[in-house]
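Here the structure is laid out as structure tokens; the discussion comes afterwards.
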Amino acid sequence: MAGYSSKKIRLGEALVLSNTITEAQLNDALTKQKSTGKRLGEVLIDEGLVTEEIIAQVLNAQLGYPIVDLQNIDIPPEVKNLIASSVLKKNKILPLEYAENNMNILRVAMADPMDMNAIDDVSIITGCQVEPLIATPRNIMMALDRIYGSAETASALEEYAKERFGTVEEETVEDADVSNSPIVILVKEMIEKAARQRASDIHIEPLEKAVRIRYRIDGALYEKAKYDIKILAAMVARIKIIGGMDISEKRKPQDGRITQMVDRTEYDIRVSILPTVYGEKVVMRLASKTALNREKSQLGLKPNEMERFDHILKNPHGILLVTGPTGSGKSTTLYTALSELNTEDVNIITVEDPVEANIDGINQVHVNPKADLTFASALRSILRQDPDIIMIGEIRDQETASIAVQASITGHMVVSTLHTNSSSSTITRLTDMGIEPYLIADSVVGIIAQRLVRRLCPNCKKPRLATEEEKELMNCPVDKEVEIFEPAGCIQCDQMGYKGRIGVYEILEMSPKLKHIISKNGSVEEIKETAIAEGMHTLRMSATEYVLSGVTSIHEMMKVSFDE
């Protein structure tokens with residue numbers, strides 16, 4: 001392929017030529033670019049006009065440079081060490097290999113193959129002519145993390161050890177606040193890597209002689225690094241500084257909040273610090289601002305479940321409860337339901353502890369027990385604020401439950417969460433809280449019990465025949481062959497065998513028959529059998545459908561429906 005010189009076309013022109021954006025949108029973006037100093041592509045993505053993938057496809061069509069998949073890429077050592085990783089990160093580029101039979105041409109994956117500064121940098125450092133290939137910025141940053149991440153961390157820690165020479169406790173505060181100090185870089189990169197690997201939590205755990213770093217990805221913990229215990233104090237000090245906590249307090253648990261941008265996505269990070277035998281353990285929970293504002297179609301509801309969900313949301317008043325253990329996606333479902341109901345003609349107020357994501361057009365109240373603003377007291381005030389829809393973060397006690405019931409009976413729609421195992425046991429939980437059965441029958445319009453199962457990696461899952469015992473578990477005929485899939489592990493899923501998660505739902509919609517059973521104080525079994533007869537799928541039935549269609553494994557199904 002000829003060098004760069006034959007193709008002088010700009011990204012903006014390419015997008016207009018391919019009818020992806022209009023001339024007016026381009027001019028508008030160019031004006032914004034001047035004031036923000038960002039790259040044009042970043043401005044267009046922030047405006048929601050294009051995605052990284054669309055830009056890559058347009059560049060490929062207009063310039064003819066091939067798109068390269070960096071997931072399975074293996075870079076030869078002589079190319080890997082040509083350029084410092086800091087230069088590669090700054091320019092969002094990744095050298096892949098020399099051209100066939102020509103050591104003077106270097107093939108480089110680029111987010112923007114028309115970035116002359118990046119091409120010049122590579123040419124000056126390597127003395128080679130550059131042959132651009134196209135990749136999305138996110139894929140380049142993930143590949144850089146994978147290929148250079150551990151080496152960068154090791155050199156940062158080596159530098160730190162030289163500076164400190166073993167004395168960590170002194171001066172940690174000053175050291176932890178210098179923007180280019182090794183510890184600052186280490187903490188920042190740890191959060192970036194976790195975000196790119198779709199981690200929901202980062203655990204920093206002091207052991208006797210080491211600090212263990214683990215990420216929770218798709219609900220399971222994976223060890224990602226181990227450092228010398230000497231750096232723990234500096235790491236914790238740095239996290240306390242950016243999380244707005246007290247650096248001098250090392251004996252009490254503390255909570256804080258950090259906001260960090262990773263690849264132009266804003267992450268809201270809740271930090272919890274707990275003193276343990278060997279030092280302070282830190283857990284950071286990552287939530288991107290966009291993750292909770294999903295389309296309803298992205299929840300993983302099957303067509304019949306979607307129909308029931310829609311039908312429940314059409315009720316003008318009543319209580320909709322979403323139940324399940326911590327981390328089963330209840331908040332996502334609730335926020336999705338609220339976004340669906342969030343129109344100009346309704347007043348929606350939420351009471352949460354804490355507010356997990358900000359949604360335009362919804363009034364959100366953060367519970368503060370110190371100021372006597374509890375769920376119950378906030379709810380009483382909210383009822384005087386002329387609401388149509390009220391969301392309660394969680395029904396924790398009898399007082400909150402009874403106000404929720406009263407609010408729904410007096411013509412409000414109330415949505416909330418409860419920690420119970422199944423939709424039918426939710427009814428008995430409310431009775432245990434002291435709510436009269438006839439009031440529950442009158443107020444509850446629907447209950448959604450949900451769990452999350454890990455999706456098998458489509459690239460490496462292995463088929464096998466189910467055993468007799470497994471067929472019984474899935475309610476399949478024992479004499480018929482049933483094919484199910486197992487996790488294997490490949491580069492695309494980081495050898496985990498799973499990639500991403502999908503929701504499993506059990507949706508109980510209130511019917512006259514169920515109301516009758518509940519008001520008579522019927523048992524969990526009675527409620528469950530009647531709901532199944534009326535078309536409800538239990539968690540096990542829903543998870544079994546995913547096993548039979550190859551979406552998940554039988555091991556995951558067992559985890560979500562163990563008590564059935």
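With the contact rule set at Cα under 8 Å and sequence spacing of 6 or more, what percent relative contact order holds for the chain?
On the way: 927 pairs, mean separation 48.5, N = 564.
Reported relative contact order: 9 percent.
Given a Förster distance of 35 Å, report the FRET efficiency between Asp255 and Leu30 from their Cβ-Cβ distance, rounded to the nearest 0.05.
Values: r = 43 Å, r/R0 = 1.24.
FRET efficiency, Asp255 to Leu30: 0.20.
Among Phe562, Phe375, Phe485, what's the order by accessible area (1.4 angstrom probe), most exposed first? Working shown, then result.
On the way: Phe562 160, Phe375 15, Phe485 40 Å².
Largest to smallest exposure gives the sequence Phe562, Phe485, Phe375.
Taking only DSSP H segments of four or more residues, each worth -39500 (n - 2.57), what value at 222 nm results for the chain once the sum is divided by all its residues, to the nearest 500 deg cm²/dmol?
On the way: 22 runs with 222 residues, N = 564.
Computed ellipticity for the chain at 222 nm equals -11500 deg cm²/dmol.
What share of the DSSP beta bridges in the chain is antiparallel, in percent to the nearest 5? Walk me through the numbers before you get to the answer.
On the way: 59 of 89 bridges.
The antiparallel proportion sits near 65 percent.
How much accessible area per residue does segment 307-355 have, in Å², with a 1.4 Å probe? All intermediate terms of the calculation are to be shown ahead of the outcome.
On the way: 1900 Å² over 49 residues.
Value for segment 307-355: 39 Å² per residue.
DSSP beta bridges in segment 294-411, what fraction antiparallel, as a percent rounded to 5?
On the way: 1 of 9 bridges.
Taking every DSSP beta bridge within segment 294-411, about 10 percent pair in antiparallel fashion.
By how many nm would the segment from Met558 to Glu78 lengthen if fully extended, with 0.36 nm per residue of separation less the alpha-carbon distance? Mind showing how you got there, number by number?
Values: separation 480, 0.36 × 480 = 172.80 nm, distance 4.78 nm.
Additional length available on full extension: 168.0 nm.
What size of dipole, in debye to the nearest 20, comes out for the chain about its Cα centre when the only charges are +1 on Lys and Arg C-beta atoms and -1 on Asp and Glu C-beta atoms? Don't skip to the end; give the middle numbers.
Numbers: 65 positive and 83 negative charges, 105 e Å.
Result for the chain is approximately 500 debye, rounded to the nearest 20.
Students often get this wrong, so try it: which of [x] 21, 51, 27, 2; [y] 17, 44, 34, 6, 0; [z] 17, 41, 27, 13, 1 is P(r) over Cα pairs in 20 Å bins from 0, in percent as calculated from the structure shown?
[y]
Out of Leu207, Ser181, Val262, whose Cα points farthest toward the positive end of the dipole of the chain (charges: +1 Lys, Arg; -1 Asp, Glu; placed on Cβ)?
Of Leu207, Ser181, Val262, it is Ser181.
Just to confirm my numbers, what's the Cα centroid distance between segment 77-138 and segment 449-512 in Å?
42
Given the whole protein assembly as supplied and a 1.4 Å probe, what does the accessible area of Ile359 come to in Å², nearest 10?
For Ile359, solvent-accessible area is about 20 Å².
May I ask you to derive the relative contact order of segment 186-334, considering only C-alpha pairs under 8 Å and at least 6 residues apart, and to give it as an integer percent?
18
Can you list the aspartates and glutamates whose alpha carbon is less than 18 Å from that of Lys462, not counting same-chain residues fewer than 8 positions off?
The qualifying aspartates and glutamates are Glu470, Glu481, Glu483, Glu486, Asp494, Glu545, Glu556.
With just the Cα atoms defining each centre, how far is segment 387-436 from segment 196-270? Give it in Å.
35
Cβ neighbours within 10 Å, averaged per peptide: list 450-458, 425-433 in order, most packed at the top. Before the final figure, lay out each step's value.
Numbers: 450-458: 22.6, 425-433: 19.8.
The peptides rank, most packed first, as 450-458, 425-433.
The values are calculated or read from the model by the stated rules, or taken from the named source; none is laboratory data. All figures in this text were calculated on a predicted structure; none of them were measured in a lab. Positions of Cβ are backbone-derived with ideal geometry, glycine not excepted, and every protein chain shown enters the neighbour counts. SASA here: full protein model, heavy atoms, side chains in, ligands and nucleic acids out. Shrake-Rupley method; radii C 1.70, N 1.55, O 1.52, S 1.80 Å.
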